[in-house]
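Below you'll find the structure, written out as structure tokens, and then a few comments.
The values are calculated or read from the model by the stated rules, or taken from the named source; none is laboratory data. Quantities reported herein were computed from a predicted structural model and do not represent experimental measurements. In this analysis, Cβ positions are derived from the backbone assuming ideal geometry, glycine residues included, and neighbour counts consider all displayed protein chains.
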Amino acid sequence: MAPTPGRPSEARVARGERARLLVRTPSVLIGAAVVGFWIVCALFGEWIAPHDPVFDNTFPFSEPPTRDHPFGTDTNGRDVFSRVIVGSRDVLLVAPAATLLGTVLGTALGLVTGYFRGAVDDILSRIVDAVLALPLIVIAVLIVTAVDSRSTWVVTVIIGVVFTPLIARTVRAAVLTEAQLDYIEAARLRGEGSMYVMLKEVLPNVMPPIIVEFTVRLGYAIFAVATLTFLGFGIQPPSPDWAAQINEYWNLIDPYWWMVAFPALAIASLVVCVNLVADGIREVYE
Amino acid sequence: MTAAPTTTALSVRDLDVVYRVRGHDRQVLRGVTLEIAPGESYGLVGESGCGKSTAALAIVQYLPPNGRVTGGAITVAGQDVVGMRGRSLRRYRAGTVSMVYQNPGAALNPALRIGRQVVEAFTIRGVPRGEAAARARDALALVQIADPGSVLERYPHQLSGGMQQRVVIAMALAKNPELLILDEPTTGLDATVEAEVLDLVAGLQRELHTTVLFISHNLGVIAKMCSRVGVLYAGRLVEEGPVETVLEDPRHPYTVGLLRCIPRGGVRKDHGRLDTIPGSPPSLGDEISGCVFTARCALADDRCRVEEPPLIAVGAAHESRCWYHERAPDLPRAEAVDVALPAVDRSGDPLVECEDLGKIFQQRGHEVHALSGVSAAVWPGETLGLVGESGSGKTTFARLLLGIVPPTTGAVQLDGRELAPRYRKRSREDIRALQIVFQNPDSALNRRHGVRRILLRSLRKLAGVSGAEAERRLADLASRVRITERTLTQKPVQLSGGLKQRVAIARAFAGDPRLVVCDEPTSALDVSVQAAILNLLVELQAEKRVAYLFISHDLGVVRYISDRIAVLYLGRLQELGPAEVVFEGPHHPYTEALLSAVPTIDGGGRERIKLEGEIPSAASPPSGCVFHTRCPRKLGPICELEEPPLVEAEPAHFMRCHIPIDELRRLQSKEPQETPA
């Protein structure tokens with residue numbers, strides 16, 4: 001059934017209102033612009049970068065920033081500017097994938113624990129509390145060491161799994177609030193199964209906190225991927241990943257500061273700007 | 001202070017208030033003018049959205065950030081209030097005006113002890129701390145709190161709603177205000193508690209000569225509390241006058257309609273349909289030309305559409321904003337009276353029956369007897385009204401019938417067959433036979449689902465139809481509950497409260513239920529909408545022979561719709577009988593107290609029977625008769641030791657009391673025998 005023409009549905013009005021509010025916030029605009037820039041770089045980096053980031057090593061070694069190489073060159077004679085431009089690719093693949101994994105798993109867990117309560121909820125909630133007590137990086141390093149693999153896939157899964165309880169906790173709280181509303185009882189009283197009630201009745205109503213949680217977690221995920229990569233796990237050279245570059249050159253920071261500073265600034269800009277967008281989204285939804 | 005000699009405590013002149021929404025100013029109050037003399041009690045009534053609370057907020061200069069006064073003046077005790085800010089505003093709020101809100105739980109800080117909060121009410125006016133503590137104690141004694149010392153030591157959540165509201169009133173009176181504003185102060189409270197709080201406020205007002213602005217949607221409360229009343233509609237004062245005059249001889253079509261919507265004076269569903277006010281009030285900020293009520297008025301003509309009537313004097317101090325005020329009392333009915341209700345046939349087998357139904361909840365190691373030994377039956381096409389204060393087990397009873405919670409003792413029977421204790425185990429046939437309409441349609445309808453989706457899903461699950469057949473049934477269902485094709489395409493947020501409740505009713509009726517639990521289905525609605533919903537329920541009953549279990553705290557509503565009434569107290573059935581008999585008496589002492597607590601529009605009424613103390617905890621119910629701790633007619637030790645059985649005191653009238661029915665009849669006939677609303 002098509003909605004009555006001329007009068008948009010309330011949900012669409014609310015959506016439009018939210019979008020307008022987002023666009024009106026300057027910090028969100030700046031954040032979105034920078035994040036958008038890095039996404040474009042990740043997609044079309046080869047075309048934007050003046051030189052090949054990996055194989056074009058014909059330049060003078062370790063040259064400080066010049067007109068030809070605004071970010072200087074590294075010890076292998078590669079253009080740092082080109083490497084920074086292309087360096088967002090891996091982290092922008094791994095971090096969202098990890099966050100998405102964590103969000104999906106966390107949402108499932110939060111729905112189940114919040115909907116069924118009881119012993120399952122008690123046990124899972126204690127585990128969640130225990131995980132929350134440890135810093136993310138510590139857990140990640142522990143697991144990476146334990147499984148003894150450094151592939152990006154492993155890092156993706158680990159970050160996703162570590163995020164799961166965090167997101168589950170938020171979703172569970174939202175589900176608990178929903179569970180007190182009578183429409184849940186009404187659905188059960190017409191003979192709906194638990195799956196239907198959870199997915200069709202409750203889930204659409206807890207989407208706003210899930211979206212907020214996703215964007216907030218994304219910032220953390222980028223930072224976590226960068227940290228793990230810096231520590232030598234995750235994304236490996238010769239990828240021009242920012243954190244991988246820092247890992248490679250941090251002991252040369254004096255006097256070759258440009259090899260570390262520009263990738264580091266790039267990471268900072270991405271994390272900060274993702275958070276600016278996340279804050280804006282949270283504000284609009286709350 | 002610039003206190004000039006004045007004869008009014010509050011004077012509001014041509015007050016205009018707008019709210020700015022999405023960049024547009026929307027007018028909420030339109031030139032409201034009213035005056036309250038010192039010591040007078042003035043009532044402001046109207047349905048939700050008419051601007052009652054906005055008026056109060058404007059008077060205390062506490063409008064939300066998007067609201068502002070665009071015209072007119074407010075003077076309280078000689079002080080010009082509009083535009084007041086900074087220190088003078090602080091001084092005004094601290095010393096001149098007090099406000100009591102609807103929800104006392106939200107008015108008290110949950111993290112601070114009562115004592116600290118009450119003391120602060122004094123110290124803010126410069127009373128020394130040492131003296132303030134003593135004054136706080138006196139203030140609580142003044143609002144009839146029996147043990148002020150211990151209450152001062154407690155936190156708000158440790159007090160009942162009635163006690164919280166007393167504390168708030170004590171704080172409001174601490175500064176001996178020139179004007180006390182009470183905004184729906186008893187709306188969330190039980191009838192017996194409400195009666196006590198109202199008695200208290202009335203007593204204090206007499207004693208202290210406080211000027212009171214009393215805001216309420218409940219005309220009965222206004223009748224009891226106020227000497228003059230103003231009726232607000234769409235931000236306009238449409239009628240004003242002495243309470244008795246306005247309520248007995250209303251001269252504005254809106255007031256007339258409002259009074260007709262309310263089931264009162266013992267009117268019952270077989271006497272005819274309730275009248276309603278057609279249409280709905282204008283939305284916030286609608287441009288209105290002429291009289292604000294034109295769109296819904298049966299008397300309106302071209303003059304009303306063009307020319308707005310002034311307040312016209314229609315009697316002694318009685319004004320109405322209507323060109324045709326002399327015809328207003330004869331306003332044509334919006335609803336035909338006719339109703340054909342087949343009589344309930346109780347010779348056959350009951351539809352739903354329960355024997356010794358009980359429920360014990362485990363709460364932190366305590367056993368809470370939410371319901372004990374309830375035996376009752378409902379016949380096809382019958383309405384069983386269920387009344388009692390909160391905590392009496394009404395909702396638990398309904399949930400046991402529906403199988404939302406399993407009973408601890410007893411079982412529910414449908415057509416003589418025992419039903420599974422939980423709905424999960426019940427067949428689709430059984431599930432569709434018992435349905436529910438919840439109190440709050442906002443909570444009962446999934447806000448992400450469209451009306452059409454909600455109803456189609458119910459048809460599919462309850463009636464087992466889909467495709468073209470479902471579409472046909474949907475159209476039929478929609479026309480039965482009077483929702484339009486357009487409503488079907490909308491989401492719940494886009495609908496008014498009444499429409500939402502219609503959707504909820506349609507959902508319950510999707511599978512042709514045999515008994516529908518109505519859990520306070522109209523308590524969240526305005527009276528004009530309530531009347532339409534009650535009419536709809538009665539219509540559906542006449543058509544489908546459906547039975548209702550009707551839960552409500554509004555005794556007028558229960559009396560209107562019920563064939564028989566069950567009275568619960570602390571999870572025990574105290575009285576069960578035909579509606580007329582239960583209301584006319586002789587009644588159980590508890591029923592008697594409940595009835596006497598209801599403020600009536602018709603004034604007078606019976607003498608209030610005060611109930612001592614609060615409902616005992618269901619975790620440790622009193623021995624013997626559970627009501628003995630509060631019973632005004634307690635006989636003696638027998639009541640404390642022995643629980644009276646539920647006996648058929650007269651044909652079809654069951655009662656649980658040691659006092660013989662003839663004795664009750666004698667005792668109760670001594671008092672003026674007036675029927676409540």
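Mind listing whichever residues of region B:191-223 are acidic (D, E) and in contact with a Leu (Cβ under 9 Å, 6 or more places away or on another chain)?
Answer for region B:191-223, where residues must be acidic (D, E) and in contact with a Leu (Cβ under 9 Å, 6 or more places away or on another chain): B:E196, B:E207.
Among the residues of region A:19-28, is any touching a Cys at 6+ places or on another chain (Cβ under 7 Å) and modelled with pLDDT under 85?
There is no residue in region A:19-28 that is touching a Cys at 6+ places or on another chain (Cβ under 7 Å) and modelled with pLDDT under 85.
Can we say B:A94 is loosely packed, with under 14 Cβ neighbours inside 10 Å and within 26 Å of B:Q164 (Cβ to Cβ)?
no
Just one of (1) of a type outside the set (D, E); (2) outside any strand (DSSP E or B); (3) within 28 Å of the chain's Cα centre (by Cα) trips up B:H369, so point out which.
Single failed check for B:H369: (2).
Based on what the data block shows, is B:V238 buried (at least 22 other Cβ atoms within 10 Å of the Cβ) and within 30 Å of B:R166 (Cβ to Cβ)?
No: the conditions fail for B:V238.
Go through region B:410-440 and give me each residue that's outside any helix (DSSP H, G or I), more than 23 Å from A:N205 (Cα to Cα) and within 11 Å of chain A (Cβ to nearest Cβ).
Residues satisfying the conditions are B:R422, B:R426, B:S427, B:L434, B:Q435.
Which of the helices (runs of 4 or more DSSP H) contained wholly in region A:128-225 include at least 1 residues that are away from chain B (no Cβ under 14 Å)?
Those helices (runs of 4 or more DSSP H) span A:136-147, A:152-179.
If you scan region B:461-473, which residues turn out to be part of a helix (DSSP H, G or I) and within 11 Å of chain A (Cβ to nearest Cβ)?
Residues satisfying the conditions are B:K461, B:L462, B:A463, B:E471.
With the condition kept exactly as written, say whether any residue in region B:510-523 is in a helix (DSSP H, G or I) and buried (at least 19 other Cβ atoms within 10 Å of the Cβ).
Scanning region B:510-523, I find no residue that is in a helix (DSSP H, G or I) and buried (at least 19 other Cβ atoms within 10 Å of the Cβ), so the answer is no.
State which residue is surrounded by the fewest Cβ atoms within 10 Å (Cβ to Cβ) when the search covers only region B:112-143 and only residues that are in contact (Cβ under 8 Å) with a residue 24 or more places away in the chain and over 20 Å from B:L204 (Cα atoms).
Filtering region B:112-143 for residues that are in contact (Cβ under 8 Å) with a residue 24 or more places away in the chain and over 20 Å from B:L204 (Cα atoms), the one surrounded by the fewest Cβ atoms within 10 Å (Cβ to Cβ) comes out as B:L112.
Pairs please, first residue from region A:8-35 and on the phi < 0 side of the Ramachandran plot and away from every other protein chain (no Cβ under 14 Å), second anywhere and at pLDDT 75 or above and loosely packed, with under 13 Cβ neighbours inside 10 Å, Cβ atoms under 8 Å, 6+ apart in sequence or on different chains.
A:L29/A:V23
Go through region A:63-77 and report how many residues are within 14 Å of A:F262 (Cα to Cα) and touching a residue at least 24 places away in the same chain (Cβ under 8 Å).
5
Could you tell me how many of the residues in region B:455-503 are of a type in the set (A, V, I, L, M) and exposed (fewer than 15 other Cβ atoms within 10 Å of the Cβ)?
2
Pairs, please: C-beta under 6 Å, at least 6 apart or cross-chain, first residue facing another protein chain (nearest Cβ under 7 Å) and within 18 Å of A:T177 (Cβ to Cβ) and in region B:441-460, second part of a loop (DSSP other than H, G, I, E, B) and of a type outside the set (V, I, T)?
Going by the 6 Å Cβ cut-off, the qualifying pairs are B:S443/A:L181; B:A444/B:F438.
Of the residues that sit in region B:182-196 and are over 15 Å from B:E612 (Cβ atoms) and not in a loop (DSSP other than H, G, I, E, B), which one is farthest from the chain's Cα centre (by Cα)?
Of everything passing the filter in region B:182-196, B:L182 is farthest from the chain's Cα centre (by Cα).
Considering every residue within region B:57-64, establish whether at least one is of a type in the set (G, A, S), at pLDDT 90 or above, outside any strand (DSSP E or B) and under 31 Å from the mean Cα position of the chain (by Cα).
Within region B:57-64, one or more residues are of a type in the set (G, A, S), at pLDDT 90 or above, outside any strand (DSSP E or B) and under 31 Å from the mean Cα position of the chain (by Cα).
I'd like the full set of residues that are of a type outside the set (F, W, Y) and in contact with a Lys or Arg (Cβ under 9 Å, 6 or more places away or on another chain), limited to region A:36-57.
A:C41, A:A42, A:L43, A:G45, A:A49, A:H51, A:D52, A:P53, A:V54, A:D56, A:N57
Can you spot a residue in region A:272-284 that is touching a Ser or Thr at 6+ places or on another chain (Cβ under 6 Å), small (G, A, S) and at pLDDT 85 or above?
yes
Under the condition of being part of a loop (DSSP other than H, G, I, E, B) and among the small types (G, A, S), which residue from region B:313-354 is nearest to B:D270 (Cα to Cα)?
The residue in question is B:A340.
Would you pick out the residues in region B:567-598 that are touching a Ser or Thr at 6+ places or on another chain (Cβ under 9 Å) and in a loop (DSSP other than H, G, I, E, B)?
Residues satisfying the conditions are B:L570, B:G571, B:G585, B:P586.
Which is in contact with a helix residue (DSSP H, G or I) (Cβ under 7 Å, 6 or more places away or on another chain) and under 23 Å from B:G373 (Cα atoms), of B:G577, B:G624, B:G585?
Sole residue among the options that is in contact with a helix residue (DSSP H, G or I) (Cβ under 7 Å, 6 or more places away or on another chain) and under 23 Å from B:G373 (Cα atoms): B:G624.
Of the residues that make up region B:355-362, is at least one in contact with a helix residue (DSSP H, G or I) (Cβ under 6 Å, 6 or more places away or on another chain), of a type in the set (K, R) and on the phi < 0 side of the Ramachandran plot?
yes
Does region B:374-397 contain at least one residue that is touching a residue at least 12 places away in the same chain (Cβ under 8 Å), surrounded by fewer than 20 Cβ atoms within 10 Å (Cβ to Cβ), away from every other protein chain (no Cβ under 14 Å) and within 29 Å of B:V493 (Cβ to Cβ)?
Looking through region B:374-397, at least one residue is touching a residue at least 12 places away in the same chain (Cβ under 8 Å), surrounded by fewer than 20 Cβ atoms within 10 Å (Cβ to Cβ), away from every other protein chain (no Cβ under 14 Å) and within 29 Å of B:V493 (Cβ to Cβ).
Among the residues of region B:474-522, which ones are charged (D, E, K, R) and within 12 Å of chain A (Cβ to nearest Cβ)?
B:E485, B:R486, B:K491, B:K500, B:R507, B:D519, B:E520
Limited to region B:100-120, what total is found for residues that are within 17 Å of B:Y155 (Cβ to Cβ) and touching a strand residue (DSSP E or B) at 6+ places or on another chain (Cβ under 9 Å)?
1
Quick check on B:A618: is it surrounded by 22 or more Cβ atoms within 10 Å (Cβ to Cβ) and at negative phi?
So B:A618 passes the test.
Looking at (1) more than 25 Å from B:Q164 (Cα to Cα); (2) in a helix (DSSP H, G or I), which one does B:S150 not meet, given that it meets all the others?
Single failed check for B:S150: (1).
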